[in-house]
Amino acid sequence: MQMSRFFLRPQFAVGLLALVLGAYASAQTTATSPAPACSNLLHKSFKRLQDDAPQDLCQYAGRVLLVVNTASYCGFTSQYEGLEKLHADLKGKGLVVLGFPSNDFGQQEPGGSKQIAEFCTNTYGVKFPMFEKSVVSGSGANPLYRELAQATGKSPQWNFHKYLIGRDGKVLSSYSSMVTPQDKKLVADIDRALSAN
């Protein structure tokens, strides 16, 4: 009897209503928060490696991106393992590794999309986004790589060259193929970019 009188008190009903409305308003604010602005650099589309489905890079706006040109038959190919670990460990904080297979250097990526995708998945368990094979150097470089080279003054000289892009879509740095995914400076630069607002 005491309990039923407690639940019928007007103060309780008003408090409960305020709590419910507050939670609803909070959910609505979260649901309608605007997406991060997409920089000019990311206003591009590439086909996904696995199925040729077009992918708008604007889906990664607001994230920290590590862009890497890859190859299946290179002395640096084992870096796939480190790149996947980096992606898996830091994706919750906002890092995305983007892989762009290329046959530009030493003809070390001769296969087609299906062959490359199977190699990456079966050999190194790659789950980070990969795109169709393209040119990443010289006058024929794909639009993203042309802009990355312009922004840094550095074009890839070999497979597994890396570019770091901040949450605002601006290029932060460039790293040679010799810089491994676990390199202390690279990891520190990624952590700094992830911490930036």
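Mind checking which residues of region 89-116 are over 16 Å from SER177 (Cβ atoms) and under 22 Å from the mean Cα position of the chain (by Cα)?
Answer for region 89-116, where residues must be over 16 Å from SER177 (Cβ atoms) and under 22 Å from the mean Cα position of the chain (by Cα): ASP89, LEU90, LYS91, GLY92, LYS93, GLY94, LEU95, VAL96, LEU98, SER113, LYS114, ILE116.
Could you grab me the full set of residues in region 181-197 that are buried (at least 19 other Cβ atoms within 10 Å of the Cβ) and either at pLDDT below 95 or not in a helix (DSSP H, G or I) (or both)?
PRO181, the sole residue that qualifies.
Among the numbered criteria (1) in a helix (DSSP H, G or I); (2) closer than 20 Å to SER173 by Cα; (3) in contact with a helix residue (DSSP H, G or I) (Cβ under 6 Å, 6 or more places away or on another chain), which single criterion is violated by ALA151?
Only one criterion in (1) in a helix (DSSP H, G or I); (2) closer than 20 Å to SER173 by Cα; (3) in contact with a helix residue (DSSP H, G or I) (Cβ under 6 Å, 6 or more places away or on another chain) is unmet by ALA151, namely (3).
Is there a residue being in contact (Cβ under 8 Å) with a residue 60 or more places away in the chain and either touching a Pro at 6+ places or on another chain (Cβ under 9 Å) or basic (Lys, Arg) (or both) anywhere in region 93-104?
Looking only at region 93-104, we keep the residues that are in contact (Cβ under 8 Å) with a residue 60 or more places away in the chain, and these are 93-95.
Those left that are additionally either touching a Pro at 6+ places or on another chain (Cβ under 9 Å) or basic (Lys, Arg) (or both): 93.
Checked region 93-104: at least one residue is in contact (Cβ under 8 Å) with a residue 60 or more places away in the chain and either touching a Pro at 6+ places or on another chain (Cβ under 9 Å) or basic (Lys, Arg) (or both).
Specify which of the listed residues (ALA117, ALA149) is over 25 Å from VAL187 (Cα atoms), crowded, with 19+ Cβ neighbours inside 10 Å and assigned by TED's automatic domain parsing to the domain that holds LEU186. Walk me through it before giving the result.
Details: ALA149 fails: over 25 Å from VAL187 (Cα atoms).
That would be ALA117, the only listed residue that is over 25 Å from VAL187 (Cα atoms), crowded, with 19+ Cβ neighbours inside 10 Å and assigned by TED's automatic domain parsing to the domain that holds LEU186.
Just name the residue that is modelled with the lowest pLDDT out of those in region 25-44 that are surrounded by 13 or more Cβ atoms within 10 Å (Cβ to Cβ) and either touching a Leu at 6+ places or on another chain (Cβ under 9 Å) or over 14 Å from PRO143 (Cβ atoms) (or both).
First, the residues of region 25-44 that are surrounded by 13 or more Cβ atoms within 10 Å (Cβ to Cβ): 36, 38-39, 41-44.
This time we only want the ones that are either touching a Leu at 6+ places or on another chain (Cβ under 9 Å) or over 14 Å from PRO143 (Cβ atoms) (or both), so: 36, 38, 41-44.
Details: PRO36: 83, CYS38: 96, LEU41: 97, LEU42: 97, HIS43: 96, LYS44: 97.
Ranking the qualifying residues of region 25-44, first place goes to PRO36.
Can you name every residue in region 52-68 that is part of a helix (DSSP H, G or I) and closer than 24 Å to GLN79 by Cα?
If we filter region 52-68 for residues that are part of a helix (DSSP H, G or I), which is where we start, we get 57-60.
Of everything in region 52-68, those that are part of a helix (DSSP H, G or I) and closer than 24 Å to GLN79 by Cα turn out to be LEU57, TYR60.
The values are calculated or read from the model by the stated rules, or taken from the named source; none is laboratory data. What you are looking at is a predicted structure, and each value in this text was computed from that prediction instead of being measured. Neighbour counts are summed over all protein chains in view; Cβ atoms, including those assigned to glycine, are modelled from backbone coordinates with ideal geometry.
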